[in-house]
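The values are calculated or read from the model by the stated rules, or taken from the named source; none is laboratory data. As the structure is a prediction and not an experimental result, all values here were calculated from the model. Every residue, glycine among them, receives a Cβ derived from its backbone with ideal geometry; neighbour counts consider all protein chains shown.
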C-alpha cells in the first residue's frame with residue numbers, strides 16, 4: 001500500500017537503526033518494565049520509564065520527519081536544541097495549565113475513600 005514506500009525508504013542506511021530503536025524504546029522496554037505490579041505502582045520506578053518514553057517519542061518523530069528533510073542520519077546540536085526547546089515548551093504549558101485548575105475535586109462523595117486507596 002501507500003505506507004510501504006514510506007518505510008522502505010527509511011529501512012536502508014543509518015535510519016534503519018532508528019526503526020529498531022523505536023520498537024525497543026517505545027514498546028519493548030515499557031512493556032517489560034511495567035508488567036509487574038510492584039514496578040508499575042512505584043513512583044520511583046515510573047520516573048525513569050517516563051523519561052525513556054519521552055526520549056522515545058522524540059526518536060519516533062525524528063525517524064518519521066528527518067529522512068524526508070535531511071536524507072542522512074546525523075545527530076548534533078540542532079537535534080538536541082530542538083528536543084530541549086520542545087521539552088521546555090511542554091513543561092511550561094503543563095505547569096501553567098495545572099496551576100490554574102484544582103487537582104483535587106471538591107465535594108466528591110468518594111474523595112476520602114479514594115485518597116487512602118493503595119497506589
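For residue 45, all conditions in the list (1) closer than 28 Å to residue 85 by Cβ; (2) modelled with pLDDT of 85 or more hold save one; what is the number of the exception?
Among (1) closer than 28 Å to residue 85 by Cβ; (2) modelled with pLDDT of 85 or more, the lone unmet condition for residue 45 is (1).
Might you check whether a residue that is in contact (Cβ under 8 Å) with a residue 12 or more places away in the chain and loosely packed, with under 13 Cβ neighbours inside 10 Å occurs anywhere in the stretch 32-40?
no
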